[in-house]
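Before anything else, here's the structure in question.
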Amino acid sequence: MSDLLKEIGKRKTFGIIAHPDAGKTTLTEKLLLFGGAIQEAGAVKSNKIKKGATSDFMEIERQRGISVATSVLAFEYKGHKINILDTPGHKDFAEDTYRTLTAVDSVIVVVDVAKGVEEQTEKLVQVCRMRNIPMIVFINKLDREGKDAFDLLDEVEQKLGLTVVPLSLPIGMGNEFQGIYNIWEHNIQLFVEEKKQRVGSAVKFEDISDTKIDEAIGAKAAATLREELELIQEVYPEFNRDDYMAGNLQPVFFGSALNNFGVRELLDAFIEIAPNPQPKESDTRLVRPEEKDFTGFIFKIHANMDPKHRDRLAFVKIVSGTFKRNENYLLVRENKKMKFSSPNAFFADKKEVVDESFPGDIVGLHDTGNFRIGDTLTAGEKMSFRGIPNFSPEHFRYINNDDPLKAKQLAKGIDQLMDEGVAQLFTLEMNNRKIIGTVGALQYEVIQYRLEHEYGAKCTYEPLSIHKACWIEADEKSDEYKEFVRLKQRFMARDKYGQMVFLADSPFTIQMTQEKFPNIKLHFISEFKQD
């Protein structure tokens, strides 16, 4: 038991969220660099740096310079095991990000110094606040001209509704950027290293009144720094870990991930203050990490992670107990026992087989099509973890086979990509035509690209004017339901799991349907049956 507690005490699992292009993936790379997991960091978009980013493993990500899937990475740092989930920022992949947030214990929000708080960041932070997830804000790209530090702090407070407390402060910005004063550890780190890819050395001063600071950064910059520090003491609250853990207070760090600046300060403070694995609510009880029996849930499925093997991995977040290789575990939804001979853990860009894993860890299980997103695995107890819904898509298109000889490959590809949660598949009851629904239009490109390159199948799309997919809750034997189905037969479909769905073409149709058929409930989230 004490071994389990020791392992739980070592682990921190967090997600990185932000608007596209704020520097999330670059920050992930630099965290791995400081953890010694990689020696040289790549950049997502840079002509100077030829190496691609470790966490962008899909070909389409490298081509476009964006992340389209959450990647899972782990590294060791100062005796801690840190699991990072680097999420896509693009709003078209927001559903993947929302699901990932169910698997993290805390979050780092990245804000671009020039653009400030952007729309997608607001949405993601809202999800974190709903769940009271502890957040740290990292204001990135200080080597570029941007907004004043205090204006940015105000913007973060107002737009995101957070209560911030700066734990570091920039000295200058853009061309004038000279370094960072670390309020958390009371020292200064000066920007002396030109190489962007390796960790630079730091010049440190312990006392803010030290005259050597004036010599190092100039009297004017030193005077400004002292004034700003005074202002921070007067205006902002003192850091309180309990408030941070409850989601009521958010520490802010400044830096430049591309130049390795401010990242170590962020990481050092993070391992001190961020939460260890937390308890999670299931449909029957609260499950605590220190319980001896294993429980976990699947928050992500990814097909073809390794193009050579065409394998499918289901990502399991371990909630309690110890997960052991070759032991029988219960897949609760199917009520069937399964054992896993080669569970994978992820260290930077390497996968390795692990014999045992502990709460907070993310394990990849090879999947032949047994798992769905949201599935619960336990040592035998029948219960399900909540909170991993399917939302109604925003875009709908018919999908057509463009190569009749590849019908099998297309069917398999669609089946596997839908299991990943990339999009949702609806089959019309009337004529069995397949409709793909997505949160964002960019997903159609990703699906087309992956079907062709991973499954050798080609598809085309046809537009379709649907407003929302509504999951139906009703007594299927009632006359009211039969009449509803008869009238709406052109719009009736089934989702991938056989649940009946009504594809409404406008908000007005939904309103009229609810008035005409009061006993038929329409849901915009598919999780209602599990609650």
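The values are calculated or read from the model by the stated rules, or taken from the named source; none is laboratory data. What you are looking at is a predicted structure, and each value in this text was computed from that prediction instead of being measured. Cβ: placed from backbone, ideal geometry, glycine included. Neighbour counts: every protein chain shown. Side chains included, ligands, DNA and RNA excluded: accessible areas come from the protein's heavy atoms. Shrake-Rupley method; radii C 1.70, N 1.55, O 1.52, S 1.80 Å.
Taking amide H atoms as placed 1.01 Å from N in the peptide plane, list the residues 5 or more away in sequence, or in a different chain, whose amide H sits under 5 Å from that of Gln250.
Thr163, Val164, Val165
Whole-Hz ³J(HN,Hα) for each residue in region 413-419, computed from phi via Karplus 6.51 cos²θ - 1.76 cosθ + 1.60 with θ = phi - 60°, x for glycine and proline: what do you get?
Along region 413-419, the couplings run x, 4, 4, 6, 5, 5, 4 Hz.
Moving on to the next point. What ranking of Lys78, Lys12 comes out by heavy-atom accessible area, probe 1.4 Å, highest first?
Order by accessible area, largest first: Lys78, Lys12.
Output wanted: per-residue J couplings in Hz (rounded whole) for region 484-496, from phi through Karplus 6.51 cos²θ - 1.76 cosθ + 1.60, θ = phi - 60°, x for Gly and Pro.
Taking θ as phi minus 60°, the curve returns 4, 5, 5, 6, 9, 4, 5, 10, 8, 9, 10, 7, 4 Hz for region 484-496.
Based on the Cα coordinates of region 204-272, what is the per residue volume of their convex hull in Å³?
122
Enter the per residue convex hull volume of region 464-503, computed from alpha-carbon coordinates, in Å³ rounded to the nearest integer.
Working: hull volume 3.0 nm³, N = 40.
Roughly 74 Å³ of hull volume per residue.
Step through the residues of region 331-345 one at a time and calculate ³J(HN,Hα) from phi using the Karplus curve (6.51 cos²θ - 1.76 cosθ + 1.60, θ = phi - 60°), rounding each to whole Hz and writing x for Gly and Pro.
Values, residue by residue: 8, 4, 4, 8, 6, 10, 7, 9, 10, 10, 8, 9, x, 9, 10 Hz.
Moving to a separate point now. Below 12 angstrom from the Cβ of Lys339, what's the summed charge of the other residues (Lys, Arg +1; Asp, Glu -1)? Let's see the in-between values first.
Working: positive: Lys324, Arg325, Lys336, Lys337; negative: Glu327.
Net of charged neighbours comes to +3.
FRET efficiency for Arg325 and Ala411, Cβ-Cβ distance as r, R0 = 41 Å, nearest 0.05?
0.80
Same structure again: Suppose the Debye formula is applied to equal point scatterers at every Cα of region 369-520; what is log10 I(q)/I(0) at q = 0.10, 0.13, 0.18 Å⁻¹?
Values returned for q = 0.10, 0.13, 0.18 Å⁻¹ are -0.42, -0.68, -1.12.
Compute the Kirkwood hydrodynamic radius of region 315-406, taking the inverse of the mean of 1/r over all pairs of distinct Cα atoms, and give it in Å to one decimal.
For region 315-406, the Kirkwood estimate is 15.5 Å.
Right, here's the next one. What length, rounded to one decimal in nm, is gained on full extension from Asp505 through to His453, with 0.36 nm per residue of separation minus their alpha-carbon distance?
Stretched out fully, the Asp505 to His453 stretch lengthens by 15.4 nm.
Can you pull the one-decimal nm distance between simple spin-label points at Glu462 and Val353, each 7 Å off the Cα toward Cβ?
4.8
Then there is this: Kindly provide log₁₀ I(q)/I(0) values, in the same order as q = 0.14, 0.17 Å⁻¹, from the Debye equation applied to equal alpha-carbon scatterers of region 242-332.
Log10 I(q)/I(0), no solvent term: -0.85, -1.00.
I need two numbers for region 405-480: Rg to one decimal and Dmax as a whole number, Cα atoms only, in Å.
Gyration radius and largest Cα-Cα distance of region 405-480: 14.7, 48 Å.
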